Amino acid sequence: MSPRRPQVCVLGSAEPGSPAFELAAAAGTLLARLGITVVSGCGSPATRVAAESALAAGGEVVSIIPSDDIKTENWPCTVLIPCGMGDARNLLMALAGDACIVIGGRAGTISEVCLAWLHRRPLLPLTGCGGWSDQLEQNPPDERKNSPILPWSSVEMLQARLKELGLV
């Protein structure tokens, strides 16, 4: 039996056409090419494009959705987990990855990031594109230093961070 593949959650939000959106797509492709399973809720354009890009590159995508509908159609994933928990799904998202990529973000993303921090998941915030993820390294959830915060601003830097964490 082969070992479990590394899993990385993609959290956050960014609008189509923005640099953060384009980097979310590139991150999905990179994760797939590295053999890392993408975990996404696909609730924002950025997390959805990361999942779609990972699938297009031949990768595996697990999507954890807030509803309880297993028959949800047009969802980019190889595995669909309808949790029926609404926003409480954020804990599942925080726990489902060996690390969490953070792109931009709004209140839901902040919730996921704080939960990931509490459970010692490394955080990989996109920087240089605006949004909440730009602030994460200088303004972590609290003073405890629970997990590393490893910023990235290019796909090459993201790959180096994944190597640093031993996921590649």
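Could you please give the count of residues in region 1-46 that are under 17 Å from residue 154 (Cα atoms), assigned to a helix (DSSP H, G or I) and not charged (D, E, K, R)?
14
In region 64-168, which strands (runs of 3 or more DSSP E) lie fully inside it and hold 3 or more residues that are touching a Phe, Trp or Tyr at 6+ places or on another chain (Cβ under 9 Å) and either closer than 19 Å to residue 14 by Cβ or of a type in the set (D, E, K, R) (or both)?
On the way: elements: 79-82, 99-104, 123-125.
It comes to 99-104, 123-125.
Say we look at region 47-63 and pick out the residues that are aliphatic (A, V, I, L, M) and part of a helix (DSSP H, G or I); which of these is surrounded by the fewest Cβ atoms within 10 Å (Cβ to Cβ)?
Within region 47-63, the match that is surrounded by the fewest Cβ atoms within 10 Å (Cβ to Cβ) is 56.
Give me the pairs, please: first residue somewhere in region 114-126 and of a type in the set (Lys, Arg), second residue anywhere and in a strand (DSSP E or B) and surrounded by 15 or more Cβ atoms within 10 Å (Cβ to Cβ), beta-carbon distance under 9 Å, and either six or more positions apart or on two chains.
Sorted first by the residue in region 114-126, then by its partner, the pairs are 121/9; 121/99; 121/100.
What tally of residues in region 76-105 results from selecting those that are closer than 15 Å to residue 28 by Cα and crowded, with 16+ Cβ neighbours inside 10 Å?
8
Only residues in region 51-70 that are more than 17 Å from residue 96 (Cα to Cα) and at pLDDT 95 or above count as the first member; pair them with residues that are part of a loop (DSSP other than H, G, I, E, B) and hydroxyl-bearing (Ser, Thr, Tyr), Cβ under 9 angstrom, at least 6 apart or cross-chain, and list the lot.
What qualifies is 55/78.
Table: residues versus (1) touching a Gly at 6+ places or on another chain (Cβ under 7 Å); (2) surrounded by fewer than 15 Cβ atoms within 10 Å (Cβ to Cβ); (3) on the phi < 0 side of the Ramachandran plot.
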| residue | (1), (2), (3) |
| --- | --- |
| 107 | no, yes, yes |
| 110 | no, no, yes |
| 121 | yes, no, yes |
| 125 | no, no, yes |
| 142 | no, yes, yes |
| 147 | no, no, yes |
| 154 | no, yes, yes |
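Pairs needed: first member in region 129-154, touching a residue at least 12 places away in the same chain (Cβ under 8 Å); second member anywhere, in a loop (DSSP other than H, G, I, E, B) and among the small types (Gly, Ala, Ser); C-beta distance under 6 Å; at least 6 residues apart or different chains.
131/105; 132/105; 133/105; 153/128
Among the numbered conditions (1) without any contact (Cβ under 8 Å) to a residue 12 or more places away in the chain; (2) buried (at least 22 other Cβ atoms within 10 Å of the Cβ), tell me where residue 17 comes up short.
Exception for residue 17: condition (2).
The values are calculated or read from the model by the stated rules, or taken from the named source; none is laboratory data. What you see is a predicted model, and the numbers here were worked out from it, not measured in a lab. Note that we place each Cβ from the backbone using ideal geometry, even for glycine, and neighbour counts take in every protein chain shown.
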